[in-house]
Amino acid sequence: MQATRGSGGVKVTGPLLAAASAEARVRLLMNAHALAVPRGRLIIAQDAEADRLFILLQGSVGLGFADEDGAATMVEILAPGEAFPLSAALLRLPHPVSATALAPCRLVAIPAEDLREAAAADPALMHTAIEQMTRQWRLLADQVVDLKTRDATQRAARFLLRRLSAPRGAVEIPEPRGAIAARLGMTPESLSRALHGLEAAGLLRLHARRVDVPDRAALLRAAQPRAGASQGARRV
């Protein structure tokens, strides 16, 4: 993936910049600035104006939602290379969820107006932005399917599988376990039981902030919903 030097010489990468023309990259990074955000720091408040686009270079960001009574949940967890809040910045809408650093993060902030101007002038950049927004929608649809068809252990296995493309290897877990549990629609205690159950079955080995997966194919089989699974089959 192509990397570009942003403000202060920071190396910036990700699908948006990789797809952009040289002229569009200059426009995107001309007024951009780098940010270092500690774990737990709020990056964007829910319903705030989306006046900047953030590209996550390192760390992990949680997108959360709180209702009028203050009950909060984790909607999604973003990995390095992802841009947010893309749709809100393009459409001049408030950000519908909050964004919080779940691990120490490095980001680049791009003024939303620069994003809109660059996307309007560069069809490849706009196409990639639409693709990324479509993938984000697909992830939300996958969450609904997971909640209706997979139990807690299967959802935990599927979460790990999304972070491991090799036949075996280590999955880094920089986020608090409570944030992961909220993202998966379960309690931290249920997540702990699910992970230890997978470990007891020989499908993974747990460490403080890392999970070793000796056989991805075996873990994938454990993540498959059972025949006849439904919403009533969930165990959280």
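Taken together, the values in this text are just the output of simple stated rules run on the coordinates, not laboratory data. If you're wondering where the values come from, they're calculated on a predicted model, not measured in any experiment. Don't worry about glycine lacking a Cβ; one is built from the backbone with ideal geometry, like all the others, and counts go over all protein chains shown.
Where does helix 123-149 land angle-wise versus the long Cα axis of the chain, in degrees 0 to 90, nearest 10?
With both axes taken from Cα atoms, the answer is about 20 degrees.
Report the local net charge at residue 95: Lys and Arg +1, Asp and Glu -1, summed over other residues whose C-beta lies under 14 Å from its C-beta.
-2
Can you give the Rg to Rh ratio of segment 151-233, both from alpha-carbon atoms, with Rh computed by the Kirkwood formula?
Value, to two decimals: 0.94.
Sort 133-145, 75-87, 197-209 for me by packing, meaning the mean count of neighbouring Cβ atoms within 10 Å per residue, highest on top.
75-87, 197-209, 133-145
Hey, what angle do you get for helix 188-200 against the long axis of the chain, alpha-carbon based, 0 to 90 degrees rounded to 10?
That works out to roughly 60 degrees.
Please state, as a whole number in µm²/s, the translational diffusion coefficient that the Stokes-Einstein equation yields for segment 1-123 at 25 °C and 0.890 mPa s, with Rh defined as the Kirkwood radius across alpha carbon pairs.
The Stokes-Einstein estimate is 168 µm²/s.
Return the long-range amide H neighbours of residue 33 (sequence gap of 5 or more, or a different chain), with a cut-off of under 5 Å between placed amide H atoms.
Sorted by chain and number, the residues that satisfy this are 109.
Amide H of residue 53: which non-local residues (sequence gap of 5 or more, or other chain) have their own amide H closer than 5 Å, using H built in the peptide plane?
Amide H neighbours of residue 53, under 5 Å, 5+ apart: 110, 112.
What does the highest-first list of 211-219, 66-74 look like by mean Cβ count within 10 Å?
Descending mean neighbour count gives 211-219, 66-74.
Relative to the first principal axis of the alpha-carbon coordinates of the chain, what is the inclination of helix 152-162, with its axis defined by its Cα atoms, in degrees from 0 to 90 and to the nearest 10?
40
If I take all pairs of Cα atoms in the chain, what percentage of them are more than 31 Å from each other?
So the portion of pairs separated by more than 31 Å is 28 percent.
Between residue 201 and residue 68, what length in nm is gained on full extension when 0.36 nm per residue of separation is reduced by their alpha carbon distance?
Contour length minus the Cα-Cα distance gives 43.7 nm.
Based solely on its DSSP helices, what 222 nm [θ] is calculated for the chain when runs of n ≥ 4 H residues each add -39,500 (n - 2.57) and the sum is averaged over all residues, nearest 500 deg cm²/dmol?
Helix-only estimate at 222 nm: -12000 deg cm²/dmol.
When the label point is put 7 Å from the Cα of residue 210 along its Cα-to-beta-carbon vector, which residues of segment 134-172 have a backbone N closer than 19 Å?
Correct set: 160-172.
Mind checking the full-extension length gain between residue 58 and residue 166? Use 0.36 nm per residue of separation minus the Cα-Cα distance, one decimal, nm.
Value of the extension gain: 36.8 nm.
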